[in-house]
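The values are calculated or read from the model by the stated rules, or taken from the named source; none is laboratory data. The shown structure was predicted, so the numbers you read here are calculated from the model rather than taken from an experiment. All Cβ positions, even for glycine, are placed from backbone atoms using ideal geometry, and neighbour counts span all protein chains on display.
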Amino acid sequence: MKYMPPQIGVCGRHRCFSDGDAGRRQQPAAERAAYRREFDANIEVSCLMLASMEPELQMQFKTNHEAHDMIVALQDMFQTQARTERFNVSKAFV
């Protein structure tokens with residue numbers, strides 16, 4: 001039987017062998033620490049955002065704890081309302 005070396009592919013952000021976890025490189029400790037800091041900061045911002053919301057809004061974001069996703073959803077919710085108010089104010093001046 002002929003020896004066949006494992007094929008190397010790209011898995012996420014690092015190179016790995018195609019035969020499972022056997023050849024997977026470990027992420028450097030500095031990269032893991034940086035990821036952990038960013039993750040903890042994201043959780044902290046999400047908690048602060050939820051704490052500053054009214055209870056009705058908190059219930060909408062009960063399962064979504066990503067700060068960026070909450071910001072995008074809030075912009076979508078209130079952007080139309082702000083646009084309508086600006087239109088009504090400008091119409092009142094005319």
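Applying the selection to the stretch 82-94, what residues are assigned to a helix (DSSP H, G or I) and farther than 27 Å from Asn42 by Cβ?
Once the filter is applied, which keeps residues that are assigned to a helix (DSSP H, G or I) and farther than 27 Å from Asn42 by Cβ, the stretch 82-94 yields Arg83, Thr84, Glu85, Arg86, Phe87, Asn88, Val89, Ser90, Lys91, Ala92, Phe93.
Could you give me the residue pairs with C-beta distances under 9 Å whose first residue belongs to the stretch 72-92 and is modelled with pLDDT of 85 or more, whose second residue is among the β-branched types (Val, Ile, Thr) and exposed (fewer than 10 other Cβ atoms within 10 Å of the Cβ) wherever it lies, and which are 6+ apart or on separate chains?
Close Cβ pairs (under 9 Å, with a partner that is among the β-branched types (Val, Ile, Thr) and exposed (fewer than 10 other Cβ atoms within 10 Å of the Cβ)) do not exist here.
Any chance the stretch 38-56 includes a residue that's of a type in the set (Val, Ile, Thr), assigned to a helix (DSSP H, G or I) and touching a helix residue (DSSP H, G or I) at 6+ places or on another chain (Cβ under 7 Å)?
Taking every residue of the stretch 38-56 in turn, at least one turns out to be of a type in the set (Val, Ile, Thr), assigned to a helix (DSSP H, G or I) and touching a helix residue (DSSP H, G or I) at 6+ places or on another chain (Cβ under 7 Å).
Can you tell me which residue within the stretch 49-74, out of those that are surrounded by fewer than 11 Cβ atoms within 10 Å (Cβ to Cβ) and of a type in the set (A, V, I, L, M), is farthest from Glu38 (Cα to Cα)?
Going through the qualifying residues, I end up with Met59.
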